[in-house]
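S.K.: Can you keep this structure in mind? I'll have questions shortly.
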Amino acid sequence: MKKPRAAPKKKKNIPANHKTAFFPIVGIGASAGGLEAYQELLRNLSARPGMAIVFIMHLTPGHKSMLTELLARQTKMPVREIRNGMRIEINNVYVIPPSTNVSIAGGRLKLNKIRDAGLRRMPIDWLFRSLAEDQGNRSIGVILSGTATDGTLGAEAIKAEGGITFAQDEKSAKYSGMPQSVIAAGCADFVLSPKKIARELERIAKHPFISSAGLVKPEKSVVTEDKGLKSIFDILQLAKGVDFTHYKTNTISRRISRRMVLLKLENLRGYIKFLRENKDEVENLYEDLLIKVTSFFRDQKVFNTLRKRIIPAILKNKTKGQEIRIWVPGCSSGEEAYSIAMCFIEAMGSKRSLIPVRIFATDVSESNIDKARRGSYDKSILRDFTPERLKRFFTKTGGSYKISKMLREMCVFSKQNVFSDPPFSNLDLISCRNLLIYMQPVLQKRIFNNFHYGLRPGGFLVLGTSESAGGYSNLFKTLDRQHRIFVKKYLSGGYRLESGQKYYPLKQLEIKEPPAIRKGKESDMARLVEQVVLGEYAPCGVLIDGDMEVVQFRGHTGCYLESAAGKPSLNIFKLAPRGLFQPLRTAIYKARGTKHTVKIEAEDLKYNGRKMRVNITVVPVKSGPLKEEFFLVLFDEIPRVAGGEILPKARRKSAKDENYVESLQK
């Protein structure tokens with residue numbers, strides 16, 4: 001008799017993605033006076049607080065640390081010095097070793113040895129930034145006693161991902177420099193003593209949006225319920241005038257979840273009720289939804305490219321007194337706009353007094369604009385500047401640094417909604433970094449149309465490292481893929497407002513252009529005569545860009561180009577009929593390769609049942625500050641004499657070809 005099979009063992013439910021780990025990871029940073037504060041925090045945590053803790057302390061390089069042994073006496077949790085590649089486990093404490101930076105990747109701890117002991121170290125920022133990237137809205141950062149500003153930028157990164165941050169209160173901190181820097185930057189969700197921080201951490205770890213018991217996949221989170229979200233959007237739009245309907249749902253959900261965790265609310269219905277009854281929470285949620293991740297010269301390589309390629313190209317096409325116009329939408333607290341202003345001042349040198357620079361910096365947040373206008377920043381900016389640049393562009397006032405009058409006068413700050421308010425015009429440069437990644441395609445399309453409308457032909461667009469204009473190749477050409485820099489393409493049709501798009505005047509942003517100089521009647525008459533002559537006697541044709549797209553039609557081209565059935569296209573090869581396609585293709589690619597005018601005859605073109613022979617002339621043309629490539633394609637039917645014979649080439653009039661083409665190349 002066969003033995004019955006044993007029931008299969010149940011497999012452990014291991015999450016596929018480390019970011020949905022069963023417990024939160026808390027980064028805690030401290031410096032001078034921080035050991036005592038951290039020991040107090042540990043003493044007030046239970047043996048099973050439902051989290052893992054990574055402790056970063058400023059240690060003397062090259063000296064053996066007794067930190068692990070000291071901390072182990074304060075808690076029943078295992079306390080271990082970090083080894084490279086160590087997996088993070090719940091209810092464990094991990095301690096930084098000397099002469100290292102610690103980061104988190106894939107739920108594991110990584111060590112980076114510090115080779116140069118003389119370098120300025122920011123180990124708390126190092127950990128917090130990686131924690132934010134690895135754990136997203138489940139990341140938690142705590143700043144305890146210490147001097148200077150380490151941890152501020154890291155706390156900003158955690159806050160930007162929807163995580164939660166703590167700062168030790170001034171009363172209990174032996175040295176308040178580090179926690180006060182986080183508070184001044186607006187990054188601290190809680191300002192508490194170490195004992196109260198411990199209690200709050202345990203509460204947060206048990207919240208259903210954080211804990212293993214209530215683990216919910218983001219796409220099935222209660223905060224993604226359509227009715228609930230619509231109610232929240234309606235409250236925000238009524239109070240702040242901004243519609244968040246087309247922001248990315250995951251981003252909105254994380255921010256609302258964050259507010260509910262902070263307020264100890266576990267039900268969306270309860271949160272909506274709280275919103276309706278508390279104006280302060282409407283303001284807090286609104287500010288949370290507006291991403292505020294910025295710094296001076298953020299992504300240094302982008303600014304290096306700006307100095308070396310973009311600014312020289314803009315200056316090359318400016319004459320004395322001609323204004324350079326720049327727009328920085330989503331400017332946050334002004335660092336991006338001021339950084340661009342510094343780059344232009346440094347690049348222009350003695351020309352600065354000859355060519356004015358105007359930077360329009362806008363944001364939907366009134367508090368952001370107020371801070372940008374003040375131009376006052378705390379000492380955390382010291383890491384972004386050399387002493388020479390700091391002295392040139394800032395004035396120290398107490399514990400803060402104020403933007404110089406020269407920079408402030410270059411920048412016009414104002415509240416503006418980039419989706420519904422009118423874009424600026426005649427711009428040489430738009431820098432919009434890390435705003436589009438939070439928008440759904442319907443908003444992105446509107447913004448890209450606005451940017452194209454606002455830029456001069458050949459104007460530059462700079463996006464964030466995770467953004468691209470690749471889906472709008474009809475509007476922008478890629479200049480530098482790595483640093484996300486694009487150039488406006490010329491469109492003959494101009495900009496059209498989308499259906500339902502409303503624009504309201506921004507009176508506070510209006511800057512009148514000097515009136516154009518009226519030209520005399522003789523000039524107008526000469527231009528009119530030129531148009532008539534060219535229209536009647538010059539060849540017809542099209543202007544195409546480097547992607548073979550028609551950007552302008554000239555004259556009547558109906559007998560040479562025709563739109564095929566199906567989806568409309570402006571690609572010249574799709575418009576060319578059978579008898580014209582091959583010689584046209586040959587002429588264009590030969591002109592592109594040789595950079596010279598190319599002429600070819602097409603012998604088998606048929607139009608309305610009539611056979612034609614046509615001269616095709618392709619003229620390479622360059623335009624804009626970066627000499628964007630265009631081609632003028634001209635069509636000229638070869639005349640026939642009586643009997644249907646074609647005139648010899650030697651007898652064909654040159655009025656329609658050589659002289660005209662040569663004039664275009666000058």
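The values are calculated or read from the model by the stated rules, or taken from the named source; none is laboratory data. Bear in mind that the values here come from a model prediction, so they are computed numbers and not experimental data. Here the Cβ is made from the backbone with ideal geometry for all residues, glycine too, and neighbour counts use every protein chain on show. With ligands, DNA and RNA removed, areas are computed over all heavy atoms of the protein, side chains included. Shrake-Rupley method; radii C 1.70, N 1.55, O 1.52, S 1.80 Å.
S.K.: Whether any residue in the stretch 312-319 is within 22 Å of the chain's Cα centre (by Cα) and either under 20 Å from Ala157 (Cα atoms) or without any contact (Cβ under 8 Å) to a residue 12 or more places away in the chain (or both) is what I want to check.
M.R.: No: the stretch 312-319 contains no residue that is within 22 Å of the chain's Cα centre (by Cα) and either under 20 Å from Ala157 (Cα atoms) or without any contact (Cβ under 8 Å) to a residue 12 or more places away in the chain (or both).
S.K.: For the stretch 59-168, please list each of the strands (runs of 3 or more DSSP E) lying entirely inside it that holds at least 1 residues being open to solvent by 20 Å² or more (accessible area, probe 1.4 Å), aliphatic (A, V, I, L, M) and touching a strand residue (DSSP E or B) at 6+ places or on another chain (Cβ under 9 Å).
M.R.: 79-81, 108-113
S.K.: OK, next. Based on this model, can you work out whether Leu263 counts as surrounded by fewer than 18 Cβ atoms within 10 Å (Cβ to Cβ) and without any contact (Cβ under 8 Å) to a residue 12 or more places away in the chain?
M.R.: no
S.K.: Further, regarding this structure: Could you please find all residues in the stretch 525-561 being assigned to a loop (DSSP other than H, G, I, E, B) and either open to solvent by less than 90 Å² (accessible area, probe 1.4 Å) or at pLDDT 80 or above (or both)?
M.R.: Correct list: Ala538, Pro539, Gly546, Asp547, Met548, Gly555, Thr557, Gly558, Cys559, Tyr560, Leu561.
S.K.: Being at pLDDT 90 or above, under 21 Å from Asn92 (Cα atoms) and of a type in the set (Phe, Trp, Tyr): is that true of Phe128 here?
M.R.: For Phe128, the condition - at pLDDT 90 or above, under 21 Å from Asn92 (Cα atoms) and of a type in the set (Phe, Trp, Tyr) - is met.
S.K.: In the stretch 347-384, how many residues are under 19 Å from Phe297 (Cβ atoms) and either over 23 Å from the mean Cα position of the chain (by Cα) or among the polar types (S, T, N, Q) (or both)?
M.R.: 8
S.K.: A further question on this structure: Does the stretch 433-452 include one or more residues that are within 20 Å of Glu335 (Cα to Cα), more than 13 Å from the chain's Cα centre (by Cα) and not in a helix (DSSP H, G or I)?
M.R.: Among the residues of the stretch 433-452, not one is within 20 Å of Glu335 (Cα to Cα), more than 13 Å from the chain's Cα centre (by Cα) and not in a helix (DSSP H, G or I), which makes the answer no.
S.K.: Could we say that Leu580 is aliphatic (A, V, I, L, M), closer than 16 Å to Leu543 by Cα and at pLDDT 85 or above here?
M.R.: Considered against the rule, which asks whether it is aliphatic (A, V, I, L, M), closer than 16 Å to Leu543 by Cα and at pLDDT 85 or above, Leu580 comes out as no.
S.K.: Ile437 versus (1) free of Cβ contacts under 8 Å to residues at least 24 places away in the same chain; (2) within 29 Å of Ala185 (Cα to Cα): which is the lone unmet condition?
M.R.: (1)
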